[in-house]
Amino acid sequence: MKKNIFIGGAHRGGKAITEAALKDDAIDKFDSVLISDPKENRAKQLALDWSRAGIRSQAYEVPCEVAIRRINTPLDAALLSIDTINPMKDVMRERKVPTQWQLMVKGLGATGPLIGISGSVPRGDNDVRGLSETLIDSLGRFIKPTSSSAVRENLLNADLLYSLRKSVSWHSVTRLDMLDRDPDDMPGGSLNFFWGDERLPLIIEQKSPSQELVESKKQALEVNVPQRLQGSKTHAVALVSSQNVDFFVVNQVRGKRFARLHVPLMHSLPAPASSTRSGSAAGLLLLAGIALPFLGAAAAPAAMAAAVTD
């Protein structure tokens, strides 16, 4: 059956999604596409691309959380790719339709990490919806939205961001065909973490805002992996609080787990402490937004914020 879909965001993320969708017999899959973006002409231009492919489209030049309230058309799915975080949660709460969301997150500074995060919220699945809202709500409390143009000032980041966005967007389009499935039938899980050319299942858990790095690592290594993901030897864990989010990539070799990568996101570093508690030096370096294998370090650079980009 052909779908009526809503696309929130008509800039680079929306364009990448559209490019991916229109390469795959889109006219046989989509009945209509409704697109929102508050910047002048973005939504209209993207709607024109869909119309040229023979698919009915309509543009709304307002933020997605406003557009979703104005749309009377029954929707089969929503696809969210915007450079502000909180509206994603607002859309998911306003219109409880199957939803695919994606974020590209960048720690500021030349050495800051570039990662992708996505969620597939199937019809009637409140568990994945709740976990998605938990992560988005936390990130929205401390991450400053920014245009990808700021990220692309560094040419290396520009290449990485282009490749990452294309990978995540293609994934989002393929998931539109799966949003009526049971979550257990989604290859790689409903929540995913993208790093380089890897796509990993993502597990989300709450943590204490003041939790020590060594405690977070221990929690990540001991997380309960759902049965449907236990065939994977590598997964990602997001430990979420209202002040920061720690991502860990966890490998399992011969029944033992180790943290291969730690990607922290937080607004800024706390004041340096004179304490010599275990893990403090490594914690300061990693919490600055530099993604490294889980190794110790001797000094901490200046505080950096994290930013989200479309």
- Message: So, restricting to helices (runs of 4 or more DSSP H) that lie completely within region 30-126, which ones have at least 1 residues that are closer than 30 Å to Met266 by Cβ?
- Response: 64-70, 86-94
- Going through region 11-28 one residue at a time, which ones are among the hydrophobic types (A, V, I, L, M, F, W, C), within 17 Å of the chain's Cα centre (by Cα) and crowded, with 24+ Cβ neighbours inside 10 Å? Ile17
- Item | Number of the exception - Asp83 against (1) touching a His at 6+ places or on another chain (Cβ under 9 Å); (2) crowded, with 23+ Cβ neighbours inside 10 Å; (3) within 24 Å of Lys44 (Cα to Cα) | (2)
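Taken together, the values in this text are just the output of simple stated rules run on the coordinates, not laboratory data. As the structure is a computational prediction, the values presented were derived from the model and not from experiment. Neighbour counts run over all protein chains shown; Cβ positions are idealised from the backbone, glycine included.
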